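Have a look at the structure below before the remarks.
What follows draws every value from the coordinates through simple rules; no lab data is involved. Quick caveat: nothing in here was measured; it's all calculated off a predicted structure. Cβ coordinates were reconstructed from backbone atoms using ideal geometry, including for glycine residues, and neighbour counts include every protein chain displayed.
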Amino acid sequence: MVTRLGSADSRRHYATTPRLIEMLDAIFQAFRRRSPMALPEFVLYADGGSPEGDEAVRGSLAELRQELRSRGVPFAAVRQSALVDPTDGGSPMVRALRVVQALGGKPARSGGEPYVEPHAWRGGRRQYGQYSFPRSELLLAIENVVREAGPDTEPDELLHGLNRTGWRPGGIQWTARLRDAATDASRTVPALLIAVVAVLITDKPWYVTLLFLAVVMAALLALSILPGRAPVFLGLRREVRWFLSTTYLNQGPRADRGEGLTWRLLRLWPPGAVRQRVAAVARDIQDGGLLDEHRTGSGDEDAQRRHLQLRVHALREDLRDAHRAWSLDLRGRKRPTPPVLVLPDATADNGLIELLRAISDIRSIRSELDPLLVIAAVRHEDIGLLQRSYAAEPAASHLHGSGADLPAWYASWNRARRVTQSPSLEGSTLPWVLRVPLPEGLLLHPDLGVGSPRLSRLSTGRPRWTWLWSLPALALVLAATGLGLGVRDHRLTSQYCSSDLRGANQDTRRVETPGGKGPECVGVATGGVTFPVARQLQELIRQENASIGNSDYVTLVYAGPLSGPDPEGKNDDQLVKGFEELRGAYIAQHANNASQPVKLRLLVANGGTDMASQATMAERIVEVARRDRTIVGVVGIGRDMTDTDKVLETLRQAELPVVSGTNSGTWLLDKPNFFNLAATDQWQVRQLRLLAQQLRAPGTHGYGTAGRAVVLGRSPVTHDRYTREQMDHGARMLTDVGYRVDRLERYGLSNGRPVLGRQVGQICQEGEVPRVVYFAGRTEDVNALMDGITSEPGCNGKQIAVLAGDDLSQAGFDSERSSVAANVTLYHLVLTAPGTKNQGTIFVNNLRKLGPDQEKILGLSAATPQTDSALSDGQTMLMHDATEVLYRAATGDGRPRGRAEAWSGLLRTNIDNLATGRVDFTAVTQDNAHDQGLEPGTRDNYAISLVRVANTGGAHYDRTVLCSRRAGDRRPLTEKECDVNRKAPSSPQPRP
């Protein structure tokens, strides 16, 4: 019984089939270990001569093919019935070429049966991917262009046709070219690399990078689909590189001798070598009549053979590339079995014997080993055409032994191959053909020697470790990486203010606000970081820093509260303390950079809302200063907190002096690196004594209970040291004046808002309403106090005087930020003398150097600076003076100084005509102050103004400067100058 092709019976019906499987298994095992290796062209034939024996050989090969399919081995089987059409007029050489074309991906011919059975080169699920044949398709594209152009076509026209099709078969339509351009890695990979480099080296927003990538991709696609032009990066395609570099085209009468010029940039260049190779291939096609159905049997046989071998060469190179072991995807390691070409009935007429010869010839010509394993069944009558080859019996004795050793028949064949393919031998040999005679006795008696169905021994499984380098593993790695990056990004985003895949800008940190309104950015603004308050002003400072260029410069760090009431920065136009101070620093920077040889670079640091995170800010300043030696000092630190001592010590260890415009802590005078322009709390309270004495006098009718005063301040849990000092000094002063002083329970904050209900109730007790309330709280708390006094019945009709320190100067009673109750008169201090008409100060001169746009952003007018309400609290002028003082100390001799020199220069500072007056730091100790006739605890008399604010009814306020002194004026203020009953100089202003 002979099994026909396609039999569904799974039993082995030929005793030769298991032995053939053992031979393949030996090859497969060796291929797994030794790839690449020399693979023979197995030629199976019956050792008898009967037609039945030839039919049995084909049956055994059919069983072998079924085994290959069941084991998932990639193979291609030629459809023998398609090669016997007598009407095609094809010669054996032409038919062999058509088979190779079909094996290389050519679609089935129209109106006829395909040459290759469906699903060619497809393996099982355990095999890696599908085979591609780009080199074969390149030759197909050249063949198509030659067919369209016709004979005697000039090389330039051929190149134009190839360019028009994008050097791809079937790529004539622009849609196909566009699809090919979008999916071709030779274009997309360079574009993606450009985009990645653009992301890494630039600090632009994501949409700018995305737009840049879109423009690059659009340009590449546009250049790729232009008709008549070679696609961009065509020289990077692997098939084009092979076509321009293969030495096979150096042979023959039209050999290309310009092989050395093979470098390519964007397109193919130089064009001479390309034109010559395309012309050589086209001439062989035309001379051989390979594309003319009427000349297929009469063409030049040498030209036909050259093109057939070129086609086989391209197929081999495609398969070699598909099994490249150290490719990026390790495809050679993932394909443990060689691809198999099955030729079921190779004869002289159907061209398959010619194909066997072409494969052997091109292998002998070339030195590269390819992974193609050929198995052909040849009739006994045609085996004589293959006599010049090696024969091996498929004896079982040759197949046993150590699994690591090659079988003896393979070793003998390989040794004979090396000898017979030597160019010193004469005659035509086929060293790569291995003839395997099959005994007719086993072929014609299928069950002979087969007692039971045999299990397959083919080892075709993919190595397990290769799954670690596969798409599923890559998907898992990418998912894990994405998850890891997401977790890392979330951690960095929650911890730092600026982060991306490269890392985080550690100069700023995210810190929870005391009021629980969410995190805020604290630290030094470097890179692209901007704090919520005064973004436009910070941009002006960045521009000023960028304009320095290569000039000499020193760097100062402004440290202040640059987080507004809203951590998200939606209210960044609100004039909070940080904005007013920062614009003073900018005015000094802009003016000095415009006129001085040594420039001023300004960095901005945020201590958080109410400077609650100034310790973290100080650590970031020190870290930046460690990297940047041009940083010589800090201006700001304008809020007296319980951790201010730690902050100053941190900066002192980094040798950074601090010049503060508004920090009034008396205890800070003992800190060696702290220099203050603000009057100390102790000195301020001495000036308020002038008012308290007048309010205690019997003539002050209409006020509350004579002789009673209360002192009110924040709870210690707020870490506000200013309120504690103000309470201590205020209570002591009121007691000295003669008041009966009650210290009320300190009020706390809830979500950043003061809770004053109990304290206001104690103030407004029936019959116990105090004449004076010394408010030692902060500006942002005064509204709650005023609202409470207004709503408490016990305070109705009772006039109350509220005394406060310099912090109330920021209240802005000429706006909606703060209010004064109708029955309250507020007295507070300002740390400058804004009413002094002095248009020649350094501050005014610097202010005039601003342009209109800068004035608009700063909210200042250079025309009337002394009457500008934006300057009434003194914050801007104090910070201008602090910046000016430290800048001059760091550039005293016309060159940039270091930190130690800048610190030393501050000790010698004595500058007049600043916005606040004279700043003199030469008296640094208590003894020096006494020797110079200064008041104890001071370095000099400070700038000061005593201001009265009263509600005159409705939406009107009376804000009157009772008395003032500029810094450096040592004349003490008197009660006569600071008369509490002084009339307002002008009519009340309506509140906006």
Could you pull out the pairs from K577/K983; K599/K671; K577/K856; K517/K577 whose alpha carbons sit more than 24 Å apart here?
K577/K983; K599/K671
Rounded, prolate or oblate: which fits region 517-651 when a ≥ b ≥ c are the square roots of the eigenvalues of the alpha-carbon gyration tensor, with rounded for a/c under 1.5 and prolate only if a/b beats b/c?
oblate
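First select every other residue whose beta carbon is under 11 angstrom from the beta carbon of L690; then total the charges, Lys and Arg +1, Asp and Glu -1.
The answer is 0.
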Cα convex hull of region 281-382, projected area averaged across orientations, nm²
8.2 nm²
For region 797-812, 3J(HN,Hα) per residue [Karplus equation, 6.51 cos²θ - 1.76 cosθ + 1.60, θ = phi - 60°, Hz, x = Gly/Pro]:
x, 9, 7, 10, 9, 10, 9, 8, x, 6, 5, 6, 5, 8, 5, x
If Lys and Arg each add +1 and Asp and Glu each add -1, what is the summed charge of the other residues whose beta carbon sits under 13 Å from the beta carbon of R305?
-4
Sort R335, R366 by Cβ crowding within 10 Å, fewest neighbours at the top.
R366, R335
Under 5 Å between amide hydrogens, which residues at least 5 positions from D47 or on another chain qualify, with H placed 1.01 Å from N in the peptide plane?
L438, E440
Note down the net charge around K976, summing +1 for each Lys or Arg and -1 for each Asp or Glu among other residues with Cβ under 15 Å from its Cβ.
+2
Under 5 Å from the placed amide H of R740, counting only residues 5+ away or on other chains, we find R708, A709
